[in-house]
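Below is one structure, written out as structure tokens; comments come after it.
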Amino acid sequence: MTKEDIILDIVVYISLIFLVIVTLYPFLNTLAVSFNDAMDSGKGGIYLLPRKFTLYNYKSLLGRTQTYHATLVSVLRTVLSTLFCTFSTAMVAYALSRKEFVLRKLFSFIYVLTMYIDGGLIPTYFLMRSLGLTNNFWVYVLPGLVTAFNLIVIRTYIHGLPESLVESARVDGAGDFTIFTRIILPLCKPVLATIALFVAVANWNAWFDTFLYNSSNSKLSTLQYELMKILATANSMTGSLEQAMAQAATGATNTITPRSVRATMTVIVTVPIAVVYPFLQRYFVHGLTLGGIKE
Amino acid sequence: MKRKSLFLLLLIVFTVTATGALVSAQGTKVFTMFWGEPLPDYPGSTIVGDIIERETGVKLQREGLVGDLETKVGLMIASGDLPDMLIAAHFTSLFKDAGMLIPLNDLVEKHAPNIKRLYAKHWEQLKQEDGNVYWLPIQAIPYGPDESKYPELGFFINKKVLKEAGWPVIKTLDQYFDLIENYMKKHPRINGEKTIGYLTLFDSWRNFATTNVPQHLLGYPNEGEFVPVLENGKYVVRQYHTSHAAKVYYQKLNEMYNKGVVDKETFVMNYDQYIEKISSGRVLGTFNQYWQVQEAQEVLLRDDPESILVPFPVVLDELIEEYQRDIPYIQATQGMSITTACKDPVGAIKFLDYIIREETQHLIQWGVKGEHYEVDENGLFYRTEEQKKLFLDPDWRRDVFGGPYFYNSFPSLRGIDQNGNSFMPDRQPNLIYSDSQPTEKEVMDAYGIKAFSELYNKPVDKKYYPLWTITIPAGSPAHIEQTRMKDILNAYVPKMVMSKTNNFEKVWNEYVKAISPLMKEQIKVYQEQIDWRMENW
Amino acid sequence: MKTPVMLDVEIEARKKPFWATLMKQKVLLLMSVPFVIHTIIFKYVPIWGWTLAFQSYWPGKSFFEQVWVGFDNFRWLFRDPVFYQVLRNTLAMSIIQLVFGMVSSIILALIINEVRWTFFKKSAQTISYLPHFISWVVAANLVRDALSTDGGIVNEILMKLHIIKEPIMFLGIPELFWWIIGATHVWKEVGWGAIIYLAAIAAVDPNLYEAATIDGAGRLRRIWHITLPSIRPIIVILLVMNMGYLLSSGFEQQYLLQNGRVIDYARVFTIYELDYGIKMMRYSFATAVGIFRSVVSLVLVFGTNYLAKRMGQERLI
């Protein structure tokens, strides 16, 4: 251990401990609020522990028959999207990373452009409807199959891999698809884990597509949409005067408040991600030894 | 292994998607409905809901609003994908403009005797320019109005202040702030924390709690951004944002801000923080509409009953007579409508006719006689202690009883029925006082009243009331002007109140200069509509 | 042995006529063309919606019944004094967020990579990205509480340390607003942003570190000479891509932290578009604003892409 090592270690640990404190606090606070009596939370002053413990917030959010079916739909769309999206994005990324591919530039251009142009809500709705994707489960999976951002990230990663691996495989007579599945995919694990995480989280958190395309079919409702619904009925901050007045008229004593619903929602949505996360994390925190996979 | 699980997944997907198509097929009629406001999901079976379903044979497929209404309405109109019935708040008329609603006149005449009878008083107000009626407002007042415990709005003051001062009656702005200032001097801290003299809410769209005040100081009820003033027998739409009252009011806030009476961060806090501060019991005064402080008041009633808020009708000076209470009105510009997509309009109107009749309304609001309420020898409804307890549990009320699912979002009745019962149990006249909590009773007794709203004058009737139900056409010059005006209010009011006292005059003049040109178009639209209402209602 | 093969492929690609080469790349075509078609359907077909910007669109009417207004919507936009304020605010906050967001995430990834105690490494990384999942509605309340003059922790600490005498109303100072937005953005997204760099670091060949250590390089020098250069392509690519989002960023965060006092510094494009577009059903105007943003984005993206190309860095196309 040199002096530099020790100083570096001190800096590293102190700054990380500081970061852990400021990033853990909001979550602990949210957790405390979610287990606290809603009306009592309205008084403020809750930090790390609930003051008036209750499970009522969870009961009122999860205790609805709708929630279970919606959770199933959410899990399904997340799993399917993650699988399809990660695989197909990687495949296109591989094709576009081949320097000899004559349509590489054209296709890259087509994809890059999509990041910055948008036809707008109404034309997109018309498209989905004419494709039969309204009131249809597949609207959750199909439109986002390959996204430009993820594509570019994976392509950049592939560019960083040693070209010699591909060449030697080619000499051995392997075709592009074989090279992709046998060599590139295994080497891409860290970036694929990252993209899978991005896709999964985006799908798990999505509710706007349900709102646009599937809102009239309760069988296709997603968990986030159901939670948004409960939040909206508990009177949302971005709501309108009419909404709030109507609720005040019906509500009388409301035992769930927007604050407690939001906290509980956050926990419900985050916990599954936190559970799945370590399985992906090992790919990019531990790191891969390229040498190990080379042969 | 992997293939198998993928196959299994696909199988589940198909079952999930396939079951979506199989919604109740036998015998019952199904109507799809959309509401332009958030609604909880109907649990499938409730006491009230099952009775309604049995008696009408109608099953509802409900959709409430989740995202923003503008997007939803735009998509629905553009695509023509409509439910059978809909109500989309102030955008309902856009569906009519797009020719997507069917006129109700003939349907009501032929198939809906109850609607005809109960909306008779409002019928003229509902007619559009073409003489047709396209929607039923969600509230009708067929007999007489009723009373509520709390008035719609007021300058609220902490009970502790009133008690210490010997229960004074507060009339003017100066009296109100004097009381607060004196109490604050004597008690700089409450429950170990700093006393907050006055709080004014300014969080995004809720900022009307601050900017609406000048009209009330002049004695008017909540008209909105402009006030129709009776001049030579005609209602002329006037602005109040640069009135003398506005100047006195902002100057007073400015003075109090610099004295430390108005909370330092009052213009920076959001609604949650506002409720938080009031709930702590250390806020002495705030102006608002009651429904905006209700949440805090309920916490105070439970945890700190001596600090509850008491409303007063405060005006600018002794010369002004206040009429701040709402005149009972219906929202004539929006309501439940039947769309061109509805295959059975007769069935739909019959269903609505069933919902609106008195028996169904009593079922929805009061419940089943003998089970959820009793009737005394005078024919007045009441609830026993046990029944009351049931209804105090909001979960039971909503998901087991189920009444709330058919109230407020459907056409419904308000006020007093022909026997003197209120349609809403909370407003049953003989029960308001007796059902109040001890701490509320103490205040009522001190002022010799049976409800806080008795501290206010009875409203005087105005045919057009209120101005704010007039919808400014979306995207029109008046609409753009309105947004700009609100932007100016949003930017200048905090500046005025928070400036140094000797700087106030300067900021006020800047504000007047900025806001004055931004009212012409709106006044024009409002004036036209007020004239129309005075002529046709 | 290997180098000539690569050259062969490239020379072949250049010499042969286009179609012949294309036929040889059947597999690559099969791997990409279906998805390119997919993208054209889902992303390019709706672009007909841009015609709305030249109409006075009203949702109830058919395409042929709409009123055409030429460039009126753009004229309105460029003549609106609020537009320039919005442009300034959006650019300022986006640049602050882009710079500080990227720098902090890169530094965090490097720091995490330096931790040798695996348990701490993993848990610190997991915890640091948690705020990403807390919606701004919740996070904004925490920020408001922390910055409050009425017992907020930041003021309390500053007062205990005798740095200030009176609580400061942080959220009420217009000049501070951009920086509060920047700082809270970093707090919320630093851990999430670091993931992508960690993935890149994971690909660095450990042999390089070994070789450097043998050469006597300290840890700092290894970070500087090995880790950073190897994640440079992804840094450059993300920078180029994010340049295109400079006008699209923000909404909830600004919307929920703003107040009347700082409104002149808080309003960003997305809020403006909502207030003066969608909320008024002015779809045409909203589309015009969207087109303006797209054009600026493309100029920025291809501009930076060109620069990256000139400097011999990784690039988009």
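The numbers here are math on the coordinates, done by the rules we state, and not lab data. Since this is a predicted model, take the numbers as computed values, not measurements. Heads up, the Cβs are rebuilt from the backbone with ideal geometry, glycines too, and the neighbour counts pull from every protein chain shown.
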Partner aspartates and glutamates whose C-alpha sits under 17 Å from that of residue B:520, ignoring same-chain residues fewer than 8 away, are B:225, B:481, B:487, B:528, B:531
dims of the protein assembly as shown, Cα set, principal axes, largest to smallest, nearest Å -> 105, 74, 60
By Cβ neighbour count within 10 Å, fewest first, C:30, B:201 rank C:30, B:201
Row for chain C, column shape: gyration tensor on C-alpha, a ≥ b ≥ c, rounded if a/c < 1.5 i.e. under 1.5, prolate if a/b over b/c, else oblate; value oblate
Of the listed links A:229/C:43; A:105/C:43; B:121/B:463, those spanning more than 20 angstrom between alpha carbons are A:229/C:43
Cross-link reach from residue B:500 to lysines, straight Cα distance under 27 Å and at least 8 residues apart if same chain, gives B:185, B:186, B:194, B:247, B:252, B:259, B:264, B:277, B:486, B:513, C:165
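Using Cβ counts within 10 Å as a stand-in for footprinting exposure, how do A:147, B:210 rank, fewest first?
Placing the least packed residue first, the sequence is A:147, B:210.
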Compactness check, the stretch A:23-165: C-alpha Rg relative to the 2.2 N^0.38 Å globular estimate gives 1.57
Helix-only [θ] at 222 nm, chain B, -39500 (n - 2.57) per DSSP H run of 4+, per residue, nearest 500, equals -12000 deg cm²/dmol
Given C:76-84, A:257-265, B:169-177, A:37-45, the highest-first ranking by average Cβ count within 10 Å works out to A:257-265, A:37-45, B:169-177, C:76-84
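Any of B:171/B:450; A:59/B:159; B:96/B:350 with alpha carbons more than 28 Å apart? Name them for me.
Checking Cα-Cα distances, A:59/B:159 exceed 28 Å.
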Taking B:267, C:42 and counting other beta carbon atoms within 10 angstrom, the fewest-first order is C:42, B:267
Summing -39500 (n - 2.57) over every DSSP H run of at least 4 in chain C, dividing by its residue total and rounding to the nearest 500, the 222 nm mean residue ellipticity is -21500 deg cm²/dmol
Log entry: pair-distance distribution for the stretch A:155-194, C-alpha pairs binned every 5 Å from zero, whole % per bin is 6, 23, 34, 23, 10, 3, 0
Taking chain A and counting helices only, DSSP H stretches of n ≥ 4 at -39,500 (n - 2.57) each over all residues, the nearest-500 ellipticity at 222 nm comes to -21500 deg cm²/dmol
Rg/Rh over Cα atoms for chain B, Kirkwood Rh, comes to 0.99
One would report the antiparallel percent of DSSP beta bridges in the protein assembly as shown, rounded to the nearest 5, as 65 percent
Karplus ³J(HN,Hα) for the stretch B:263-274 (6.51 cos²θ - 1.76 cosθ + 1.60, θ = phi - 60°; Hz, whole; x = Gly/Pro) runs 4, 4, 9, 4, 8, 9, 6, 9, 4, 4, 5, 4
Once the in-chain neighbours fewer than 8 apart are removed, the lysines whose Cα is under 20 Å from residue C:121 read A:189, C:188
